[in-house]
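Comments concern the structure below.
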Amino acid sequence: MIVSKEGASTTVIEVADIFRCYGTEYLQKFSKKMPPSHRRAFKDILRYRTPVMGGHVYECNHCSRLRYSYHSCRNRSCPKCHKSDNQAWLQAREKELLPVPYYHVIFTLTHELSGFMRLYQKDLYGLLIKTAADSIIKLAADPHYVGGQVGVMAVLHTWGSNLSYHLHVHCLVTGGGLSSDGRTWIPARDDYLVPVNALSKLFRGIFLARIRRQFEEIHLPKSVWQKDWVVHCKPAVHGTRTVLNYLARYIHRVAIANSRILSVDNGNVTFRYKDSKRGAYIKTMTVSAGEFIRRFLQHALPAGVHKVRYYGLWSPSNRKKLLELQQTLPQSGNDQPEGFEEDIDEEIPAPSEPRLCPHCRKGMLVRIGRLPRQGRAPP
């Protein structure tokens, strides 16, 4: 049994703890059905900051005590890795922003296709992202709306706050586009980019048509053609950098932060999830440890699937145009307003390893050696 955070102990419960306690039983049941991405995530999370990963040895120059620092696993499904990558990615994207308004567009895939998407993740996740971006670019090119080529950054998101399988794509879109002759910037109308009803139908039609061409043997239910697909489009009223920061956290975080796990007791895991109406993590859910592991692993992306992609003016082939527009367009106040806070499920990044010796509190830690990564066991 793992001690609850709400009990006398202050021990933080981690996803890795649940894997260690209940992973063997899970593997016995499902190891033959687990895709490679699930196996790799499972193994790497267990190895995080352990001797298997290798590391460095430090010695205190006062008390001579040794301190071992092991490497992280670097798996993109690990709840504790990539926190420094988030800031680096955010800084790089901020340099590419144009001095124009931006829009936040969200495409939600109808749940009738969830089972189909699970089976063909490697092929369909990329197709889903591309279709969302292509739909925006095509509709925005219509002279009735923007009449130019917009820039789109698209981010895949596979989970709901309760770890459910909930596929949707977040897009950050320029509020305007470049004319076909490449000489004129055409701004979007105030607080309006494209009609969401038309965008929803276009997204649905293009995506289903592409599935039909790629999977001729698959017969999709008629309901996916008849029902409305959910698309939201709203201006980045709190500042473009706020939305960009919001998307950055999606790119370098996973389905659940360790801070949301409340307790593990008698084979059950209790965690917090968001109340969609109030936008706060105040609800709780209890599931079996096996179900928790299953829900967590279903969001481990297959190798080669990129979570974020760039299209239109934001595509790599148009970076030269993007740079020229940054220099020619007039600057405008488009930053995050002072005092604004976004409600994001994210652990507070751990401070860098202290140089002060944690034992004597007098000496400094000096690196004296390197620990090699342990090799794989023989087959």
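The values are calculated or read from the model by the stated rules, or taken from the named source; none is laboratory data. Being a predicted model, the structure only gives us computed values, none of them experimental. With ideal geometry, Cβ positions are generated from the backbone for all residues, glycine too; neighbour counts draw on all protein chains shown.
Okay, residues lined up against (1) surrounded by 15 or more Cβ atoms within 10 Å (Cβ to Cβ); (2) touching a residue at least 60 places away in the same chain (Cβ under 8 Å):
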{"residue": "Lys32", "(1), (2)": "no, no"}
{"residue": "Pro36", "(1), (2)": "no, yes"}
{"residue": "Phe42", "(1), (2)": "yes, yes"}
{"residue": "Pro51", "(1), (2)": "no, yes"}
{"residue": "Ser72", "(1), (2)": "yes, no"}
Query - Cross-chain or 6+ apart pairs with Cβ under 6 Å, segment 226-249 first and assigned by TED's automatic domain parsing to the domain that holds Leu199 and of a type in the set (Val, Ile, Thr), then modelled with pLDDT of 75 or more and assigned to a strand (DSSP E or B) - result: Val230/Thr108; Val231/Phe107; Thr240/Tyr102; Val243/His104; Val243/Leu172
Query raised in the report: Given Ser69, Ser77, which one is in a strand (DSSP E or B) and among the polar types (S, T, N, Q)?
Result: Ser69
Query raised in the report: Pairs under 6 Å by beta carbon, first residue not assigned by TED's automatic domain parsing to the domain that holds Tyr145 in segment 194-212, partner among the polar types (S, T, N, Q) and at pLDDT below 95, six or more apart or different chains?
Result: none
Query raised in the report: Restricting the search to segment 255-311, which residues are in a loop (DSSP other than H, G, I, E, B) and buried (at least 21 other Cβ atoms within 10 Å of the Cβ)?
Result: Ala255, Ile256, Ala300
Report summary line: Filtering segment 175-190 for residues that are crowded, with 23+ Cβ neighbours inside 10 Å and out of contact with any Leu (no Cβ under 9 Å at 6 or more places or on another chain) leaves a count of 1
Report task. Return the residue satisfying two criteria in turn: it lies in segment 84-96 and is crowded, with 17+ Cβ neighbours inside 10 Å and out of contact with any strand residue (DSSP E or B) (no Cβ under 9 Å at 6 or more places or on another chain), and of such residues it is farthest from Leu313 (Cα to Cα). Result -> Asn86
Query raised in the report: Scanning for something basic (Lys, Arg), out of contact with any strand residue (DSSP E or B) (no Cβ under 8 Å at 6 or more places or on another chain) and either without any contact (Cβ under 8 Å) to a residue 60 or more places away in the chain or assigned by TED's automatic domain parsing to the domain that holds Gln91 (or both), does segment 268-275 turn up at least one residue?
Result: no
Query raised in the report: In this structure, is Phe116 buried (at least 18 other Cβ atoms within 10 Å of the Cβ) and assigned by TED's automatic domain parsing to the domain that holds Ala198?
Result: no
